[in-house]
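The values are calculated or read from the model by the stated rules, or taken from the named source; none is laboratory data. Please read these numbers as outputs of a predicted model, since none were measured by experiment. Note that we place each Cβ from the backbone using ideal geometry, even for glycine, and neighbour counts take in every protein chain shown. Surface areas here come from the heavy atoms of the whole protein model, side chains and all, with no ligands, DNA or RNA. Shrake-Rupley method; radii C 1.70, N 1.55, O 1.52, S 1.80 Å.
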Amino acid sequence: GRPLLGFMDMDGNWLGAPCWADVLLFNDDMAAVQCPDTGLWGYINQHGETAIPPQFLDSNFFNHGLTFVQKPDSPADWYAINKQGAFVTGPWRSIDHGRRGMLVVQDAQHRWALLDLAGRIKLGPQTLPDDLDEDGRLEQLNDAYRTQRQALAERLKDAPLAQRVAELNPQSERDLAE
């Protein structure tokens, strides 16, 4: 059979025994690994320890503390999970990292939305032209989000400082840690 895969540190020492059918490279201190017995994907940390047991049909790289996975009982849908394996958002037909720490998602009705890293909808969902490529979709969503934020800033220009900060920046470091 095919040899099993694993990871080595910079000194050539194995991070645990090579025991995976397939692997994705480390990103954000996590690497996706595929179980040779089940074909399901999970994640290991930078020490080679299982952080999230293999349980997903498909997996991606971690970025900003999140990754995107497909569950065996819902193969058409994508979910965002954090480094503890907790589901942050989903199901979505499509999900990807956008700009400035936002997620770009598509729902079952083929509408697009922007979410923050906590899974809260910041814009949309809205229908976009079918002929847009990934960059075009992202540009349109970002333009709409910027317009929405400018309108909010204009509406709040005479509000007390605390209200302006709370409404314009609801995503605090504390929110991201939850």
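Rounded to the nearest 20 debye, what is the charge dipole size of region 1-124 about its Cα centre when +1 sits on each Lys and Arg Cβ and -1 on each Asp and Glu Cβ?
On the way: 9 positive and 13 negative charges, 115 e Å.
My answer is approximately 560 debye.
Please give the per residue volume of the convex hull enclosing the alpha carbon atoms of region 1-91, rounded to a whole number of Å³. Present the calculation step by step, with values, prior to reporting the outcome.
Details: hull volume 8.0 nm³, N = 91.
Normalising the Cα hull of region 1-91 by residue number yields 88 Å³.
Mind listing the Cα extents of region 34-80 along all three principal axes, in Å, largest one first?
If we take the Cα atoms of region 34-80, the spans are 32, 29, 11 Å.
Which value, in Å², gives the accessible area per residue of the chain when a 1.4 Å probe is used on the protein heavy atoms? Walk me through the intermediate numbers first.
On the way: 10340 Å² over 178 residues.
Ligands and nucleic acids excluded, the result is 58 Å² per residue.
Please work out the C-alpha center-to-center distance from region 107-172 to region 32-89 and express it in whole Å.
Distance between centres, Cα-based: 27 Å.
For a quick check, take a GNM of the chain with Cα springs below 10 Å and name the residue from A80, A118, A159 with the largest mean-square fluctuation.
Ranking A80, A118, A159 by mean-square fluctuation puts A159 first.
Quick one: angle between helix 134-155 and the longest Cα principal axis of the chain, in degrees between 0 and 90, rounded to 10, please.
Result, in degrees: 40.
Using just the helices of the chain, give the 222 nm mean residue ellipticity in deg cm²/dmol: DSSP H runs with n ≥ 4 each add -39,500 (n - 2.57), and the total is spread over all residues, rounded to 500.
Theoretical 222 nm ellipticity from helices: -6000 deg cm²/dmol.
Can you list which of the trypsin sites (Lys or Arg not before Pro) found in region 101-165 are DSSP loop residues with at most 11 other C-beta atoms within 10 Å? Let's see the in-between values first.
Working: sites: R111, R120, K122, R137, R146, R149, R155, K157, R164; in loops: R111, R120, K157.
Filter output for region 101-165: K157.
Hey, got the Cα dimensions of region 74-138 along the principal axes, in Å, largest first?
37, 28, 17
What does the charge count near C19 come to, summing +1 for each Lys or Arg and -1 for each Asp or Glu among other residues with Cβ under 14 Å from its Cβ?
Values: positive: R2; negative: D22, D37, E49.
Cβ neighbours under 14 Å give a net charge of -2.
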